[in-house]
Each structure stands twice: as structure tokens, then as C-alpha cells.
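The values are calculated or read from the model by the stated rules, or taken from the named source; none is laboratory data. Note that the structure is predicted; figures quoted are calculated from it, not measured. Glycine gets a Cβ as well: all are built from the backbone with ideal geometry, and neighbour counts include every protein chain shown. SASA here: full protein model, heavy atoms, side chains in, ligands and nucleic acids out. Shrake-Rupley method; radii C 1.70, N 1.55, O 1.52, S 1.80 Å.
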Amino acid sequence: MFFLRRIFEDLDNALAHDPAGRNRLEVALAYPGVHAVWGHRISHFLWNRHLKLVARIHSNFIRSATGVEIHPGAKIGRRFFIDHGMGVVIGATAVIGDDVMIYHDVTLGARGGDVGKRHPTIHNDVVIGAGARVLGNVTVGEGSRISANAVISKDLPARSLLSSAENFVI
Amino acid sequence: MFFLRRIFEDLDNALAHDPAGRNRLEVALAYPGVHAVWGHRISHFLWNRHLKLVARIHSNFIRSATGVEIHPGAKIGRRFFIDHGMGVVIGATAVIGDDVMIYHDVTLGARGGDVGKRHPTIHNDVVIGAGARVLGNVTVGEGSRISANAVISKDLPARSLLSSAENFVI
Amino acid sequence: MFFLRRIFEDLDNALAHDPAGRNRLEVALAYPGVHAVWGHRISHFLWNRHLKLVARIHSNFIRSATGVEIHPGAKIGRRFFIDHGMGVVIGATAVIGDDVMIYHDVTLGARGGDVGKRHPTIHNDVVIGAGARVLGNVTVGEGSRISANAVISKDLPARSLLSSAENFVI
């Protein structure tokens, strides 16, 4: 029952975010971003049970089915919505809060040479536009909006509005 | 016969645009951007016959086969050519004229919160470079050239030349 | 034996570049960027034996399996590593040296209207970040670093550091 309630929460959340969505059945059958999040829950479960190789093979299968690559180690909150999804990359040490929405082609990645916690932490209620790259162990504060194609590699305070293709780098 | 003539028109158009193309057979077998446009014609036909769920499932299947996501509701003119294609997203209320060419990773998308006609209108003879994002119910005038990674969210007059990663936003 | 040694060289090279990689078996099974390079070696072999249509169909199959599109004509050196890979496009006349690393969504493409050698030449030890576009018959000098979402369409001298979303165009 718990499992089913989460499924419905995800379907309703996708409908709330996407004006092109028409009903739960359509979301369940035709939203690869939703399928990718469901797939990640399984990969992440396997990863935490020390079935790491199986987890990576599974997440790679989800990537070929959906175009979304989420490392099984990434920690993701509730009602995470990926719209369209093709090209999304989320790294092993990324942490994502609740009610976050990202568009296709968003990268939550590392910078070359970083070790340990090397991917971003995204707080609640953040929206990240298509093609934006958030790189390194940086924090994006609650309620921030990052526009399409922006590049971020330092901390963003809460409720930041980063306009399109603006750069916020060290 | 009409159907066949359109197929040949698309094959010849791809050859005219891509200097790496060698003959019609190669285009028919190895150009996912061409396959995506053919798939969209079927999705759009189904959508207009009120088979909306079938249309979305079909367009999602075309997305996984080609990497190109075109909402079945989008209206697209003749000789539309998508080069490479991976990552292209075209929204439900987008309108595209004749002889338009786009590269991979182009987004014709909406801005969060918009409703109704919320995707771009692209006039004839426009070329849009890889990774460019055109967002919202804006018009791109005839003969415009938008370069790679540019972000557009207001109207562009005819014959605009928008250089690489330039932004043209409100 | 020669063939096997190259396979191991690629596996070890991926492990050296990616701190999330754990062992050779994981790389061999779950790294689409590595699979794409192996696929390209076969496509390129076929292309050079004048089996051009077969080569293009093969490279298109590799594209659908990995999300990486490399034209069979492209010349690629040793220890080339593509991280993540989705959305990468490498054109027919591109030339890539040894020890080059690129991230997902990188384009080594042409500009409309160019003919002949119309794609970039990338020298040894170059790193190119996610979403960067290198366009036209330009040279990127040895040891250069190009950051995410940058757009390049003229020659870069050796050891250039091009910061994120900077543009270096004519």
C-alpha cells in the first residue's frame, strides 16, 4: 500500500507540473522522466544492499530505456520530477531534496579531479532549466530557479534567480 | 503516390543539408532525425483523430528509437530537417514552418507556469544550432539563424542572426 | 593479444578518469562511453574497407545503444574517454589525438555551408566539458581545457583554459 501511494504521488506530481499531461494513465505509460525516477529507487535499494555491480547494470539499463543517467548512489527526495529527461546526468554523491524539478539535459556533475562528496546538494523546491550544468560539491539553496543553459560551480543562496545562460563560477 | 513523393522529398532534403550524406538509401537507413519526423507524422495523425493516448505512446516509442521527443500536437511544415537529433524536445503547441533545420539538443519548450499556446512559432527557412533553447510563446522570424547554445525567450524579427550563446531574454 | 591489450588499456583509462568507477568488470558492463569507442573502432574499420553503408548502419546502431553518435570516418587516438556520453556528436572529418577526454553532450561539429575538412582537430590531452560545442575546421591545442557549455569556432592555442560558457567565436 505504501508503495502504491508513492506511485500515485509521483503520477499526480507530474500532472501538477506539466500542462501537457492529461491523466495518470498517460503519465504512467509515456513519461520517461517518471520511469527514470522509479528505476532509480530500485538501483538505489540494490546499491545500499551492497549489490553495487547489479545496481550499476540496472541503472545503465534504465539509462538506455529513458535517456536519464542517475548513479545508484545519488540520494533523491520525494516528488522529484524530471521533465522530458533525455541527457540528464546525476552523479554518485548528489543529494536532492523534496519537490525538486529539473528539465532534460541537466547535469548535476563533478569537476575533474574532485574526490569524496564531489556532486551538488540541491535543497527543496528548486527548479533547474534545460541544459543547465551544476558542477562540484556546491549547494543550491531552497526555492532557487536556475534557467536554461546556465553553468553553476559555487554555492547559490536560497531563492536565487539565475537568468538564462548566466554563469556563476569561481 | 503522394505518400511516396513526400518520402523522397525528405530524403533529398536531408542530402541537400548534410555534406556527409551520400545517397537516399543511406539517409533512409541511418538518419534518426529523418525517422523522427516520419514518426511524428503518424503521431500527429493519431492525435488529430482523438487517439491521444495512443499518439503519446507512439511518440514516446519514437523518442526511444531516435532520441528525438516531439509532442504529437506539434504542427510541423514541409522539409523539416533534424540533424543528429539526440536530445531534441518540441512541445505540444509549437508551430514550425517550411524548410526549417534544427540540430541535436534543440529545445522548443515552455516556461514554467505558462498555459495555452506556450511553445514557440518558428517561421520558414530558420536554422537553429545545437543546444539552443527557444522558450515560451515567442516567434522566430523568417530566415533567422540561431547559433549553438543560445537561449531565446522573446520574439526575434525576420532574418535575425543570433551569435553563439548569445541570450535574448526578457 | 594486441586486441585484448587495447581493451584493458581502455578499461584502466576509464578507471583512472572516473572516481566513481570501481573495477574493470563494472566499466566493461556499465560504461556506455567506453562501449561507444569500441563500436567506433569497428565502424571505422568497415568505413576504411569501403563498406560505407554498413559502417553507417553500424554506427547508428551504436548510437541507439549508447546515445553517442560518432561518424565512422572520424579519426580517434588512443585512450579516448567519453564520460556518460549521452548526446555526444562527432563529425566525419573530426580528428582526435591521444588521451583526450570529453563529457556527455559535447559536439565536435561543422558549421552550415562548410565542405571538405569541416570538423575540429583536437590535440593530445584535451578535456572538454559537458554541453560544449566545437564547430568548424578549428584546432584545439594540446592540453587545453574547455568548460561546460562553452562554444568554440576558432583555433585555440595549446594549454588554453576556456571558462564555463565563455565563447570563442569569429
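In segment A:109-138, the residues that are over 17 Å from A:L162 (Cβ atoms) form Cβ pairs under 6 Å with partners that are of a type in the set (K, R) and open to solvent by 10 Å² or more (accessible area, probe 1.4 Å), at six or more places apart or across chains, as follows: A:A110/A:R118; A:N137/A:K117; A:N137/A:R118. Criterion first (within 13 Å of chain A (Cβ to nearest Cβ), in a helix (DSSP H, G or I), hydrophobic (A, V, I, L, M, F, W, C) and more than 14 Å from the chain's Cα centre (by Cα)) does C:L25 satisfy it? When the stated conditions are applied, C:L25 passes them. Look through A:D99, A:D105 and report the one residue that is surrounded by 24 or more Cβ atoms within 10 Å (Cβ to Cβ) and acidic (D, E). So the residue among A:D99, A:D105 that is surrounded by 24 or more Cβ atoms within 10 Å (Cβ to Cβ) and acidic (D, E) is A:D105. Per the conditions (1) open to solvent by 20 Å² or more (accessible area, probe 1.4 Å); (2) assigned to a strand (DSSP E or B), the sole criterion not satisfied by B:R111 is (2).
For segment C:74-88, the condition of being of a type in the set (A, V, I, L, M), free of Cβ contacts under 8 Å to residues at least 40 places away in the same chain and touching a Ser or Thr at 6+ places or on another chain (Cβ under 8 Å) holds for none of the residues.
Against the definition (over 23 Å from C:K117 (Cα atoms), of a type in the set (V, I, T) and out of contact with any helix residue (DSSP H, G or I) (no Cβ under 7 Å at 6 or more places or on another chain)), how does B:I7 come out, yes or no? For B:I7, the condition - over 23 Å from C:K117 (Cα atoms), of a type in the set (V, I, T) and out of contact with any helix residue (DSSP H, G or I) (no Cβ under 7 Å at 6 or more places or on another chain) - is met. Pairs linking a residue in segment C:42-68 that is within 9 Å of chain B (Cβ to nearest Cβ) and under 20 Å from C:H84 (Cβ atoms) to a residue that is open to solvent by less than 70 Å² (accessible area, probe 1.4 Å) and in a loop (DSSP other than H, G, I, E, B), with Cβ atoms under 6 Å and 6 or more positions apart or on different chains, are C:S59/C:P72; C:G67/C:G85; C:G67/C:M86; C:V68/C:G85; C:V68/C:V88.
Tally time: how many residues in segment A:28-41 are at the interface with chain B (Cβ under 10 Å from one of its Cβ atoms), open to solvent by 20 Å² or more (accessible area, probe 1.4 Å) and closer than 19 Å to A:I90 by Cβ? The qualifying residues number 1.
The set of residues in segment A:93-106 being part of a loop (DSSP other than H, G, I, E, B) and more than 7 Å from every other protein chain (Cβ to nearest Cβ) consists of A:T93, A:A94, A:G97, A:D98, A:D99, A:V100, A:V106.
Filtered by the rule that a residue be assigned to a loop (DSSP other than H, G, I, E, B) and crowded, with 17+ Cβ neighbours inside 10 Å, segment A:47-68 gives A:G67, A:V68.
Residues of segment B:127-151 that are buried (at least 24 other Cβ atoms within 10 Å of the Cβ) and away from chain A (no Cβ under 11 Å): B:I128, B:G129, B:V140, B:I146, B:S147. Any residue that is assigned to a loop (DSSP other than H, G, I, E, B), open to solvent by 40 Å² or more (accessible area, probe 1.4 Å) and modelled with pLDDT under 95 - is there at least one of those in segment C:69-92? Taking every residue of segment C:69-92 in turn, none turns out to be assigned to a loop (DSSP other than H, G, I, E, B), open to solvent by 40 Å² or more (accessible area, probe 1.4 Å) and modelled with pLDDT under 95. Looking across segment A:2-48 at every residue that is among the polar types (S, T, N, Q) and over 17 Å from A:I102 (Cα atoms), the one that is modelled with the lowest pLDDT is identified as A:N23.
Note on segment B:7-19: among residues that are in a helix (DSSP H, G or I) and in contact (Cβ under 8 Å) with a residue 60 or more places away in the chain, the one that is surrounded by the fewest Cβ atoms within 10 Å (Cβ to Cβ) is B:E9.
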